[in-house]
Every structure is written in C-alpha cells, then in structure tokens.
Amino acid sequence: MNPSTKTELGSLLRLAWPIAVAQFGLMALGLVDVAFLGRVSVTDLGGASIGRSVSFAAASVGIGIASALEPLASQAVGAGEHGRAWGALTRTLHALALVWVPTVLFAYGITLLLPRLGVDRALVYPARMYLLAQAPSMFLFPAFLAIKSFLQAHNETRPALVAAVVANVVNVVACALLVQGDAALVWAHLPRLGLRPMGALGAGIANVIANFVLVVVVYYAALQRREKNTEGAPTLARVFSLGVPMGLQLAAEIGVFAAVGVLAGLLGEHAVSAHQIVIGLSSFTFMGAQGISSATSVRVGYAVGEGRSARRPGLLGLAVGAIYMCAMSLVFFLVPAFLVGLFTKDASVVATALGLMRVAMLFQVFDGVQSVAAGALRGAGDVKFPFWANVGAHWVVGCPLALLLCFRFGMGAAGLWWGLFAGLVVVSGLLARRFIVVSRGHIQRV
C-alpha cells in the first residue's frame, strides 16, 4: 500500500533534515580551510583551491562507488534483508580500498600538468602540497559516505550528525595550529609552541585528521548493525558495475568544476581566490540539496524494495529541493557582500567575488534540482543515463560556452560561471524528465 502524500512528505523531511545538517557540517570543514588560508596568504588559498579541486575530481570514482551503497542498502532494507545491506557495506569498503592508490597517483599526475596548462607557478607548489598532504582523505571521505549511506538506509542519521560536529571542532583546532602556527596561539592568548605556519600543507594535514574522525564515529555506529548472515550480498563486480557509472557521472560534473577552477588560475590569484570563495559558499548551500537528494534516494529505494511505485517520493523530493534552493538564492541576493567578507578583505578579490555571486544566485537552483533528480534515479538503480546526461550537458554545452565567454568575449571569471550555469540548466531538465519516465512503471531491484 502506498503512503499518502502527507505521510511520504513527513518521512522525507524527517530523514532529510539531519542528513542536510550533517552535510552542512561536512562543507564547513572546507570553509574553515578557506577562512584560515584567506587570512594567511592569497597564494596559499589559491593553490589549495586548485589542489582541492583536483583531488576531489580524482576521487569522484571512489565517491561514486560509495554512492552505489544507496540503492543496494535501501532496497535491501526495504525488502527486510538487513544482512544483505551489511554485506553490501563491506564489499563497498573493499572496493574503495582497491581504487585508492590509483586515485592518488592520478591526482598527483594532474598536478604535474598544471604548469603546462598555464597555471601560475606560484600556485602550483601549494596546490601539490595540499593534495599530497590530504591523500589519505581520498579513501577516508568516500568510506565515510558509504558508512553514512548504510546508516541512512536504517533511518539512523544521528551518527553522521555527531561525526560532523566532532570533526569540525577538531578541524578548527588543527587548521589554526597547522595553517597559522604560533600566530593562532597568540590570537587565543596562549603561550607559543614554536609552530611555524604551514599554509596549504597544514590545511591538507588538518583535512586528513578531520576525515579520520568522521570515519571512526560512523563506523562505530555501523558496527551496532552488523549482521553475520550476509547471504545475497552483492559481489565486488556488482558494486563496481553500479559505482563506476555513478563515479563517472560525478567525474563529469566535478571535472567541469575542477576545470573551471584551473582555468580561473589562468586569470591570476585574485580571480582563483574569488572563485574558491563563491564556489565554497555555493557548495555550502548545496549541502542542503544533497541531504534532500540522499533522503529521496532512500525513500525511492524503499519503494522499489517494497515493490510499490517510486514516483511520489521522487517528485516530492524534487519539489522540496527546488523550494529550498530558491530560498538559498534569496539569501545570496540579499547579503552577498557580507558573505564574501567572511573570507577575505582583499578589495580585488571581493569585487570579483561579488560579480560571481550574481551568477551563483541563479545556477544553484538548477544545481539543486539536478542533485535531487540524480538521487531519485540512484534509488531506482538507474546509473547509466545520469552519466551520459552529465557528459553531454557539462562537456558539450557548459565547458565550451565557459571558454567562449571567458576568453573570446573577455568576461573573465563570470564567463566561466555562466558556462557552468548553462550546463546545469540542461542536466537538471534531462534528469528530472528521466525520473518521470522511469517511474511510470515497475522498477526492478538492483
């Protein structure tokens, strides 16, 4: 029997809000890095921005493999097969361990190409140092996401929320000591310890410490759900068959944002710093949409596992995601200078960032819609179409237009962002329509 719209909406919101708050906590980890680096050195901030973009893009396959657990666990729990859900988690963690070393090597290889791409050499060294320092996070963060998905499938959202809070406290202390050194102790009226500022390198080390805390907290909670009988658990091949397309989809999306980050580096340290600040703010609000996306994926997965229609939970998720992102756009419209001023006082960076905020007000609405639509399709086990949709929208439409507007028409960083906007408009329409088509009939379990 299908739940009523009111019941389904209530279940979605109860699941979404703690996931969203936890996602905000995760994003705050990166914003803390930006805040500390922005007060130490524009060069370190710009370099770490590039390093973060490269590492996140390289880790997209691992993040995709972690995302495979959303349909596997939620559909299993919906069908009452809890042992199968635990087996899916252990297989997913095994798969993440297998792809970690190739991921790190690939990311480092990209940094070797940065000078040839024309990135300012002053930015290359801090970018490489940040990336190498946070290399363990390329396993730890996807592992955290996988364990979080397992817990969400069991309607347990508190562990991820607790993990995010604890990790943020640890991250603030670690960033202060490692990025600023003794300057942070003097600011806090504490005696000096002989710590030298480590800039981007220190931010990378702090990132690893915070991600380790995330994994420890949620894994302890997941152990309480451990099942000995894992009969029917997916094989590694099945995890890869679902996770790799999801990872490639994410790579297509992240890759274009990473490429824009690198291209912003060609415009100088002020442009890349402004880009990092605005992308950080946009990513922070996007975490709410990600929470709604994850909740929608779980609710759609439950429906598929129970053998009922998945259309209602999917469409409700899309509506809630669109309303939330419209509200966030209003915040960007009302107080853009205040938000940018939280991260830098450099006049040139502020001026560029305010121009980018005008674009961000519009594109984040479509970014939210595409995120929730992708979540609904994940819950349904549809992983191939979103990949091709992202490739077409971002790399055939968005990226070429960004290059044209930035360099041919001289619009600078704003041109890059208008290109991103165009890609998001296309992909959000494609994914939303795809879910409407898929949910018309019975959806097979993965």
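Side notes on the structure shown:
- Evaluated with a Cβ-only charge set (Lys, Arg +1; Asp, Glu -1), the chain carries a dipole of roughly 660 debye about its Cα centre, given to the nearest 20.
- Cα→Cβ-extended label distance, 7 Å offset, between L223 and A351, nm: 5.7 nm
- Label point distance in nm, S241-I436, each placed 7 Å from Cα along Cα→Cβ: 3.1 nm
- When the charge dipole of the chain is built from unit charges on Cβ atoms (+1 for Lys and Arg, -1 for Asp and Glu) and taken about the Cα centre, the candidate among Y220, V300, G204 whose Cα reaches farthest toward its positive end is V300.
- Listed values for segment 52-66 are Karplus-derived 3J(HN,Hα) couplings in whole Hz (6.51 cos²θ - 1.76 cosθ + 1.60, θ = phi - 60°), namely 5, 4, 5, 5, 5, 5, 5, 7, 4, 5, x, 5, x, 4, 4, and x replaces Gly and Pro.
- Modelled label reach - V216, point 7 Å along Cα→Cβ, segment 48-69 residues with backbone N closer than 13 Å: none
- Extended-chain gain in nm, criterion 0.36 nm per residue less alpha-carbon gap, L266 and L105: 55.6 nm
- Most tightly packed first, judged by the mean number of other beta-carbon atoms within 10 Å of their residues, the peptides 124-131, 46-53, 34-41 read 46-53, 124-131, 34-41.
- Förster-model FRET efficiency, 22 Å R0, A327 and V162, C-beta, rounded to 0.05: 0.25
- Calculated FRET value between T90 and A319, using beta carbons and R₀ = 41 Å, to 0.05: 0.70
- Cβ-to-Cβ counts within 10 Å put E81, E253, E227 in ascending order as E227, E81, E253, the fewest first.
- Over the chain: helical MRE at 222 nm, DSSP H runs n ≥ 4 each giving -39500 (n - 2.57), nearest 500: -27000 deg cm²/dmol
- Cα centroid separation, segment 327-397 to segment 99-133 (Å): 25 Å
- Using R0 = 60 Å, the C-beta based FRET efficiency linking A337 and E231 works out to 0.55.
- Residues W388, W417, W86, ranked from the fewest to the most other C-beta atoms within 10 Å, line up as W388, W86, W417.
- Loop trypsin sites (Lys or Arg not before Pro), segment 222-278, which have at most 16 other Cβ atoms in a 10 Å radius of their Cβ (DSSP): R225, R226, K228
- For the pair T7 and Q444, label points projected 7 Å from Cα toward Cβ lie 2.9 nm apart.
- Gained length - L404 relative to R121, 0.36 nm times residue gap less alpha-carbon distance: 99.4 nm
- If the segment from R358 to N155 were pulled out straight at 0.36 nm per residue, it would be longer than the present Cα-Cα gap by 69.3 nm.
- Estimated D of segment 37-166 in µm² per second, where Rh is the Kirkwood radius over Cα pairs and Stokes-Einstein applies at 37 °C, 0.692 mPa s: 203 µm²/s
- Per-residue Cβ neighbour rank within 10 angstrom, fewest leading, F56, F144: F56, F144
All of the numbers you see were taken from the coordinates with simple rules; none came from a lab. Note that the coordinates shown come from a computational prediction; the quantities given were computed from them, not determined experimentally. For neighbour counting, all protein chains shown are included, and Cβ atoms are generated from backbone atoms with ideal geometry for every residue, glycine included.
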